[in-house]
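Take a look at the structure below.
Derivation of every value follows stated rules applied to the coordinates shown; laboratory data play no part. Note that this is a predicted model, so its numbers are computed, not measured. Cβ coordinates were reconstructed from backbone atoms using ideal geometry, including for glycine residues, and neighbour counts include every protein chain displayed.
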Amino acid sequence: MIDPIHPSDDRRVPVSPQLAFRVAIMGGVALILFAIIFFRLWYLQVLSSSQYTQLAAQNVTRELPIAAPRGSILARGGQTLAGTESTAAVQVNPSKLPTSPAARTALYRRLAWVLQIKSRDVNALIKQGEATLPYANVTIATDVSQAQRDYILERAQDFPGVTAQPIYVRDYPLNDLAAQVLGTVGVLNKFDQQQSRYRSVQAGTIVGQSGVEAAYDRYLRGIPGEQQVEVNAFGRAQPTPLPEIQPTPGDEVRLTLDLPLEEEGEKALQQGIGLAQSNGNPASRGAFVAMNPLNGEVLAMGSAPTFDPNIFTHPLTPAQVKALDGGGNDNPPAPQLNRAIQGLYPTGSTFKPITAMAGLEAGLITPETTMGGGSCVTIGNECLHNSGEVNDGSLDLENALRVSEDTYFYLLGAMENSQNPRGGVLQKMAHYLGLGELTGVDLPGEEPGNIPDPAWRAKVDREEAICKCGVADGRPWSVGDNVNLATGQGDLQATPLQMAVVYSSLADAYRNDGYGRVPVPHLGLEIDNPQGQLIQRIASPPGRHIHLNEGDLSVVMDGLHMAASAPGGTSSDVWTGWNQDAVPVYGKTGTAVRNGQSDQAWYCCYLPGTATRSPIVIVVTIEQGGFGDQSAAPVARLMASEWYGVQEKLVAGTSATL
Amino acid sequence: MNLSPIQTLEEEPVAVPRGLVLPFDPLLLLSVIGLGAASLLTLGGATRNDVPGSPHYYVERQAIYLGVGLVLMLVISRIDYSRLRELKYGIYCALIFSIVVVLGVGSSANGSQRAINLPLFSFQGSELGKDLLIVSLSAFVVDRSRRLRERETTARIMLLALVPALFVIAQPDLGSGLVYVAIAFAVLFVAGCPWQHFLALLTLGAVAIALVLVAAPAVGVHVLKPYQTQRLTAFLHPSSDPQEAGYQQLESKIAIGSGGKTGRGANATQTKLEFVPEHGTDFIFAAVGELYGFVGASIVLSLYALLIWRALRILTLSKNMFGTLVAGGIIAMLMFQIFVNVGMAVGIMPITGVTLPLLSYGGSSVITIAIAVGLLQSIYLQGRSAAALKGRVLRF
C-alpha cells in the first residue's frame, strides 16, 4: 500500500532563511503568549491572592449557630419554674436528604411511620424549617423513645440526612403554673428579627415570645456558639471539620413570685370560679395579683383559663393550635392572654375608695358628712338605686364604705363632676393613684386602661360620627358618666394589676402618715449565673411619690377595714374566723355590671405584714362571677391564709352589693 | 501490500551514529512525562469527590490513557512518518468519516454530539481528527510545494481544512473547529505561503466573525448557538452575569487566585467542591492553580514551554518538507490549545472548550497528543539519522 517515496517530491529541505524567519516568528509568538499568561498568573496568584482567597472562603463556608442552653427562671424560693432539658430529638438535615422526590417521599413515609406522625406534617415541618434558617437541622420530633431512636440509628442507610440526637428544649416542670407570666419561647424567624428588640439576635435562635421569657430574654438566652460548615457549589454540606465556638449558657432569672402563694392562688381562683358557677353564673375566666405594697414585688399573678407552655417547645399539632386560638369562638377563651395585666374591666365598687379620697381631698365632704338615705337618689332625671333597692339610710363615709352604699357614692360622684376636658377631682385622684396609665410592670403587652373624662367622651363621639360602629352613643359628657365612674361602672377600664397598684399606694401612704409611693410592680428579683451565683440584683423601681391627707386616708382605710370585719361589712362574712387583731383586713368587694353578661366579681384587699410576712395587697377578679363577695373575696381569703400560714378556709360570702 | 514499513526500516542500515545516543528527543519525552505526572497529581486532588465512593476514578483512568498514549508514542516514533504521505487520501477520508459518524450516531454530552461511546472510552472524532488533518494537510501541501505562491494552493488547502472544521463546529465543538483552522494556517505558514495570502485570509476571517457574531443574529440567523456566542463574549465582562456564562470564568479566577503562591493543596475548596465546573477537563488549569499555586502553575507552563521549544527545534531538524509541515501543524495545535485553554482559565480568553494538552482528563485528548508527540519523535529520529548518514550531526 505504501509505495517508495519519490525523492523529487519530498526532498530534504535545508533550513532556508525564510523558514528560519518563520520559525523565529512562531517562537516569538509563543514567548509573548507565555509572558502574558505568566504575568496574568502573577497578578491573580500573588498580587490579588488575598482578595480571591476571601471570595473562595465566602463561597464555601456557612456559619450555623449552636444553641445555647437557656437560663432557668426561678421562683423567689429558688424553685425552678422554667428550666432547660435535653431531649432525644429526631432532626433532619435538609441538605443531606435524597435529591429525587420519590426517594424523599419514601423517606418521609418511613420517618412518619417510626415517629407515629403524618408524613404530610414531616414535609411541612422541613419546608418551614428551611425557610426559617437554611442549612440548619430541622427538628421533626422531640421526646423520642429509646426504641425509636435506636431504630433510626441502626438503619442509617434507610434514613439519609436524619439524625437522632439530644437537643435543648425549654421545660416548664410545673406545666400550666403561672403560664402567662412566664410566657413562651419560640424560634426567632426572619420577620420577627426586624423588631428592634431582637435585631442583634440571629434568626433561628430560641427567644422569648411573651411574658418573663420575653422581658428578660437578653439574660436568659445566652450566647449561641457557632459551627462553620463547608458547602459545595450545590449547597451540600461537606464533612470537613471546621472550628467551632462553644455556646455560653444563659443566666438564671429569679422572680419575686412566691411559689406556694402562686400555687394557692391558681387553685383558689378555680375554687372561686366554682363558687360563681354554683351560684348560676357562667364563670370560667379570671385573674389574681398579689403584691408587696411597699416595693411593688409581685408575689403571685395568675390568669384563667391557662395553658401548658410546654406545648410550644415541641412541634405543634393542628389540634393544639385550634385549642389555643379558640376555634372560631366569638369570645375565645384566649388562654395566652394574661388577664392580670391585659384584661380591661370596669372595677365595680372596688373603685369607691378613690371616689372617697377625691371627695375628702377636694373638701366636698368631710368624714362626718352623711347622705344617701332612701333606696334611690335622684340625679338629673333618674332615680338611682342601691343594689337590690335596699335602704341603708343616710350614712357617713366609713359606713358607706362598709356596706358599699351606692346612693352615697352616686351623690358624691355627682358632686365631683366637672366639664373640664381632663375631668374633675375624681379623674385626678384615679390618675394620681395609678389608674389610666401603664404600671410599668416588667412584662410585655401591658394595657393602660382608661379613666373616662369629657375629653375622652368627645374623642369617642368623634370616632363614632365617622365610623358609625357603635363605640359611643354620641351624647356629650354628663353627670351620669361621673356617677358611673364613682362606683366603678360604665366606661372605666382597669386591669387587676392597676387595682393592686391603687390599693398598694393607699396602703403605703397609710403606713407612712400620708406620704407614700405609687409602686412600680415588678417580677424580676435578681440575675444569677448558671451556677446560681448572684450577678445582679434587680432594684425595685422607686415609684412616684404621693401625699394624701393623713386623717382623710385613715377614714377611708377604716371604712375598708370595717367592710371586711364589722357586722354588715360587705365581705365580713368571708373573713369569718380570721384573726383581725393579728392581721387586720382592709378589703373592698366590687361587682361590675357588664352589658349582656353576668356581673364581674372583684375583690381588692390590703393586709399589713407580720413579723415573718411582708404586707400584701391581693386583687381578684372573676369574669361573669356574680357578686364580688360571693366568688372573688373567698379567693383572696384563701391566698391570705396561705401567705400568713393560717388554716385555709373557703368561705363563700352572701353580700349582694355592687 | 507486500511489505510492512517497519520491516523495511529495520532492514535498511540505519546506522546509529556516534553522538546520537538515544532514538528519541529526551527533553521532549521529559516534558510529556512531566505533564502526565502533573495531570495525575492534579486530578487526584481535584476530582476526589466527583465520583462518590471511588476517589481515584479519574486518576486511574487517566493513568491508563497516559500509559496507552506513551506506548503509542514510542511505537509511532519508530515508524518513518514520511510514509504516511502516501496514505493522505485515506487519512483525509478517515478524518471526514470519523467526524461525520460522530455527528450521526454519537452520544451527546452537555448538549453537543462529540463522542461515540466505546467500551473503554468515548471516542471523540474531532480530537483524533486533529492528527489526521495535520498529516493529510501537510501531505497535500508537499504535493503542491512547487506552486506555493499560487493563490489556488492557499485556497484549496484552506478549503480542505474548513470542510472538517465546519463539521466539527456543527457538532457543536467550536474549540476543535478553531484548532483545525489554526493547523491549516500554521501548515501554510511554515510551507512559505506568501504574506499577502495570510492578510487576505485574516480579512476574510474577520468579516466572517463579524457576520456570525453581529450581523447574522441581527437579521435572525443564528449560526452559533446562543450559549456559544455568550461564552465567546462573556470573558469581556465576566462579572455582569455571574450566574451564567461569566460564572465559570469568575469561579475559575477565584480558584486560581485563592491558590496564592504555593497553593492550597489538601485545603483546596473551589475546584474540589465543584464551584469550578469541568475542573478535570476544560478547567483543569484552575485546579492546578488552586492546588499548587503560582509555583505549580509556573512549573506546568515551563513544561509546556519546553514542549513547544523542542517541537520548534524538531521542525528545523526534519529530513524533509513533510516532516517540517507536520511539526508546524503540531506546534500550532499545541500552542492554540495551551493558550486558549490557560487564557480561558485566567480570564483573558473566551470559553471555547478546548482541552489542555496532556493535562485535561480524557482518552481522546491524551491519545491525540500522544500520537502528535510520537510523530515529532519520529521526525526527530528520522532527521537525526539522515543527518548522521550525511556525516553531519546536529546537536541540540
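When you filter the trypsin sites (Lys or Arg not before Pro) in the range B:121-184 for DSSP loop state and at most 12 other Cβ atoms inside 10 Å of their Cβ, you are left with B:Arg149. The count of lysine pairs in chain A whose Cα atoms are under 18 Å apart, excluding pairs fewer than 8 places apart on the same chain, comes to 8. Computed about the Cα centre, the dipole magnitude for the protein assembly as shown is approximately 8140 debye when only Lys and Arg (+1) and Asp and Glu (-1) carry charge, each at its Cβ.
In chain A, the alpha-carbon atoms span a convex hull of 273 Å³ per residue. Taking the Cα centre of the range A:264-340 as reference, the dipole from Cβ charges on Lys and Arg (+1) and Asp and Glu (-1) amounts to some 120 debye.
Give the Debye-formula value of log10 I(q)/I(0) at each listed q (0.21, 0.22 Å⁻¹), with one equal scatterer per alpha carbon of the range A:558-658, two decimals each. Taken in order of the listed q values, log10 I(q)/I(0) reads -0.97, -1.05. Segment A:Arg109..A:Asp308, full-extension length gain: 68.6 nm, with 0.36 nm per residue of separation and the alpha-carbon distance subtracted. State whether the range A:461-589 is rounded, prolate or oblate according to the following rule on the C-alpha gyration tensor (a ≥ b ≥ c being the square roots of its eigenvalues): a/c under 1.5 gives rounded; otherwise a/b larger than b/c gives prolate, and the remaining case gives oblate. Verdict is oblate for the range A:461-589. Where a ≥ b ≥ c are the square roots of the eigenvalues of the C-alpha gyration tensor, would you call the range A:140-265 rounded, which needs a/c under 1.5, or, failing that, prolate if a/b is larger than b/c, or oblate? The shape class here is oblate. Along the axis of the charge dipole computed for the protein assembly as shown (Cβ charges of +1 for Lys and Arg, -1 for Asp and Glu, origin at the Cα centre), the listed residues A:Gly302, A:Gly587, A:Tyr515 are led at the positive end by A:Gly302.
Shape analysis of the range A:453-502 yields a ratio of the Cα radius of gyration to the Kirkwood radius, Rg/Rh, of 1.05.
Listed by chain and number, the aspartates and glutamates placed with their C-alpha closer than 17 angstrom to that of B:Lys272 are A:Glu230, B:Asp50, B:Glu251, B:Asp282, B:Glu290; residues fewer than eight positions away on the same chain are left out.
Cβ crowding within 10 Å ranks B:Phe123, B:Phe97 as B:Phe97, B:Phe123, fewest other Cβ atoms first. Across all Cα atoms of the range A:370-450, the radius of gyration (one decimal) and Dmax (whole number) stand at 16.2, 47 Å.
What the Cβ-Cβ distance of B:Tyr227 and B:Lys390 gives, at R0 = 51 Å and to the nearest 0.05, is a FRET efficiency of 0.40.
Working from label points 7 Å from Cα in the Cα-to-Cβ sense, the A:Asn529 to B:Ile348 distance is 6.0 nm.
Of B:Pro217, A:Gln270, A:Leu107, which is farthest towards the positive pole of the protein assembly as shown's charge dipole, taken about the Cα centre with +1 and -1 on the beta-carbons of Lys, Arg and Asp, Glu respectively? Value: B:Pro217.
For the range A:263-315, the fraction of alpha-carbon pairs lying more than 13 Å apart is 66 percent, rounded to a whole number. Straight-distance candidates among the lysines for linking to B:Lys390, with alpha-carbon spacing under 24 Å and chain neighbours fewer than 8 residues away dropped: B:Lys319. Hey, what number do you get for chain A at 222 nm if only DSSP H runs of n ≥ 4 count, each worth -39500 (n - 2.57), divided across all residues, to the nearest 500? It comes out at -10500 deg cm²/dmol, rounded to the nearest 500. For a 4.7 Å threshold on C-beta separation, the list of partnerless cysteines in the protein assembly as shown reads A:Cys604, A:Cys605, B:Cys93, B:Cys193.
For trypsin sites (Lys or Arg not before Pro), the sites in the range A:334-434 that DSSP calls loop and that have at most 15 other Cβ atoms within 10 Å are A:Arg422.
Here B:Asn267 and B:Ala63 are evaluated by their C-beta separation; at R0 = 30 Å the FRET efficiency comes out at 0.75. Among A:Lys96, A:Lys588, B:Lys88, B:Lys272, a tally of other beta-carbon atoms within 10 Å of each Cβ gives an order, fewest to most, of A:Lys96, B:Lys88, B:Lys272, A:Lys588.
Taking 0.36 nm per residue of separation and subtracting the current Cα-Cα distance, fully stretching the chain between A:Trp42 and A:Ser394 would add 116.1 nm. Taking other C-beta atoms within 10 angstrom as a stand-in for reagent exposure, A:Ser303, A:Ser16, B:Ser360 fall in the order A:Ser16, B:Ser360, A:Ser303, fewest first. Measuring r between the beta carbons of A:His545 and A:Asn420 and using R0 = 22 Å, the FRET efficiency lands at 0.35. Only lysines eight or more places from B:Lys88 in sequence, or on another chain, were considered; those with a Cα closer than 18 Å are B:Lys130. Given Cα positions, please report Rg to Rh for the range B:278-396, the hydrodynamic radius being the Kirkwood one. A ratio of 1.06. Length gained on full extension, A:Ala656 to A:Leu364: 102.3 nm, using 0.36 nm per residue less the C-alpha separation.
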